[in-house]
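Structure first, then comments.
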Amino acid sequence: MPASITSLDQVVSGLAPQGRERFDRLYDFVLSTAEVRPPGAMDGWITKAFRYLSAAPPDTQAWREEILERIRHQRVVHVVNRATGQATLFNAVRALRPIEARDESDVAKKVEEARAKCSFCRPLELTPANTFGRIGLDKTCANVAVYDGYHGLVIFKDHSPLRFRHDDFRPEEIADLLATSRAWAEKARAEDPAARFFFLMWNCLWKAGASIIHGHAQMTVGRKFHYGKVEALRRSARAYAAEHGADYFADLVAVHKALGLAAEWDGVTALAHLVPTKEREIILVADRFDAPGLPKAVWRALKVYAAQDVKSYNLAVYMPPLGDPDPAWKGFPVLVHLVDRGDPSAATADIGAMELYASAVVSSDPFVLAEAMKKQSD
Ligand SMILES: [Zn+2]
């Protein structure tokens, strides 16, 4: 049996003593079985909706019984990062769902319909500039309604945000994005030296929060202190080091490697996150923003997403402040987060009260994601 999130107990008990100790200081988990009692009238609906739960020949008695048994006793794994408090609930019934290629035509049609009135296709005429102008003639603009004192966008050459799914999508495009966003942030800091806290993000399609369809990333540079979640991670890592005498980020990587949840991409470590914030979360760990392998690693992550039929995602970069090294941020790496936001044609939001206030609820299995990631390695 290949490793899976629902057999996390077995994977963890297979760790060598030192690896087990590291796992235990960073993570905790609990397995539950939810007992569900559907009435007979639901049998037909259940076997249709959860037909993938049995590998037996469809419509046989064995097939029906296996599906119903799996629905009657559902295994749930709740994992928590003890240092940061991040937690995720995995449900076996949901985690076993196979990747089903969905129709792209609706999304592609919406993308094309937006082209006629697209301001990002004509940035010099229809987008505002920042006080310091633009990077590379027309690669960046200011946001019309800002998040923060400095807020800009990188406008991609291609209108379609689904470009990452095309065969000719190249790592150089990511390298250009990273360099352009960094140049923009440095312009902001040159104007105001207190603006040091650079945050780069990319919302792909409406499902991920994008209000404009044309492919774009966004940058902010905060003043005085970093954005709350980045600062919270810095504090958690410091508290962890003080309590355990161990480096939080080194442990994060080592635990993922020991569990088989990591891949090495061009000098960057890619993690299939054990406590994902939502579906298929990948975290890239690099020693600096301009690490030579980082663009290609981001490109590889997007190739993995394309292969898994992801259409809508968020990308977010955590990094220490710009400028001279700040002792308060010593040892804090560059972390690139990517997360799948689900089917853009689904009418429901992928997060609700549970995710906003309690714990992430995730159906994709990080062990399955890790196998796909390893195939992306050279
Ligand atoms: Zn456009």
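The values are calculated or read from the model by the stated rules, or taken from the named source; none is laboratory data. Because the structure is a prediction, the values reported are computed rather than measured. Using ideal geometry, Cβ is built from the backbone for each residue, glycine included, and neighbour counts are taken over all protein chains shown. For the accessible areas, the whole protein counts, side chains as well, though only heavy atoms, and no ligand, DNA or RNA atoms are used. Shrake-Rupley method; radii C 1.70, N 1.55, O 1.52, S 1.80 Å.
Miscellaneous remarks
- Here r is the Cβ-Cβ distance between Ala41 and Glu113 and R0 is 41 Å; the resulting FRET efficiency, rounded to 0.05, is 0.45.
- Think of it this way: in the chain, Cys141, Cys204 stand alone, with no other Cys Cβ under 4.7 Å.
- Taken over the range 240-309, the percentage of Cα pairs per 5 Å bin, counting from 0 up to the bin with the maximum distance, is 3, 16, 23, 23, 20, 9, 3, 2, 0.
- Annotation: lysines with alpha-carbon distance below 21 angstrom to Lys375 (same-chain offsets under eight excluded): Lys257, Lys296, Lys303, Lys311.
- Rough spin-label spacing in nm, given labels placed 7 Å along Cα→Cβ, for Ala250 and Ser32: 3.7 nm
- Projecting the Cα positions of Ile283, Asn91, Tyr227 onto the charge dipole of the chain (unit charges on Cβ atoms of Lys, Arg, Asp and Glu, taken about the Cα centre) puts Tyr227 furthest along the positive direction.
- Largest accessible area first, the listed residues Ser236, Ser181 line up as Ser236, Ser181 when surface is computed with a 1.4 Å probe on the assembled protein chains.
- Using alpha carbons only: equivalent-ellipsoid semi-axes of the range 133-248, gyration tensor based, whole Å: 29, 19, 14
- Measuring r between the beta carbons of Arg82 and Asp148 and using R0 = 35 Å, the FRET efficiency lands at 0.65.
- Convex hull projection area averaged over all views, the range 220-378, Cα basis, nm²: 10.6 nm²
- Annotation: the range 193-274 has a Kirkwood hydrodynamic radius of 15.7 angstrom, from the mean reciprocal C-alpha pair distance.
- Relative contact order [Cα under 8 Å, 6+ residues apart], the range 106-226, whole percent: 30 percent
- Rounded to the nearest 20, the Cβ-based charge dipole of the range 163-216 about its Cα centre (Lys and Arg +1, Asp and Glu -1) stands at 220 debye.
- Where Rh is the Kirkwood radius over Cα pairs, Rg/Rh for the range 1-62: 1.18
- Extension gain for Asp290-Glu104 works out to 63.5 nm (0.36 nm per residue, less the C-alpha to C-alpha distance).
- Positive-end extreme of charge dipole, the chain - chosen from Trp202, Ile67, Met373 (charges on Cβ): Trp202
- Computed over Cα pairs, the Kirkwood radius of the range 330-378 leads via Stokes-Einstein (1.567 mPa s, 4 °C) to a diffusion coefficient of 93 µm² per second.
- Kirkwood Rh, Cα atoms: Rg over Rh of the range 102-166: 1.04
- The chain: most fluctuating residue of Gly152, Gly209, Gly245 per GNM, C-alpha cutoff 10 Å: Gly245
- Compared with the dominant Cα axis of the chain, that is its longest principal axis, helix 294-307 is turned about 40°.
- Table column - 3J(HN,Hα) (Hz), the range 37-49, Karplus curve with 6.51, -1.76, 1.60, x for Gly and Pro: 10, x, x, x, 5, 8, 3, x, 5, 5, 5, 6, 5
- For the chain: relative contact order, % (alpha-carbon pairs under 8 angstrom, 6 or more apart): 19 percent
- Helix 171-191 axis, angle to the chain major axis (alpha carbon atoms, nearest 10°): 50 degrees
- Compared with the direct C-alpha span, the chain from Ala347 to Asp9 gains 118.1 nm at full extension, assuming 0.36 nm per residue.
- By a 1.4 Å probe calculation restricted to protein chains, Glu243 has an accessible surface near 140 Å², given to the nearest 10.
- Centre-to-centre, using Cα atoms only, the range 214-236 and the range 37-85 are separated by 40 Å.
- Computed over the chain, the Cα gyration tensor eigenvalues convert (square root of 5λ each) into semi-axes of 37, 28, 17 Å, ordered from largest to smallest.
- Accessible surface ranking that places the most exposed of Asp192, Asp138 first, with a 1.4 angstrom probe: Asp138, Asp192
- Using R0 = 45 Å, the C-beta based FRET efficiency linking Lys48 and Asp158 works out to 0.70.
- Taking Cα centre as origin and charging only the Cβ of basic (Lys, Arg, +1) and acidic (Asp, Glu, -1) residues, the dipole magnitude of the chain rounds to 460 debye.
- Averaging 1/r over each pair of different alpha-carbon atoms in the range 15-134 and inverting the result gives 19.8 Å, the Kirkwood hydrodynamic radius.
- The candidates Glu264, Glu125, arranged from most to least accessible area with a 1.4 Å probe in the full protein assembly, appear as Glu125, Glu264.
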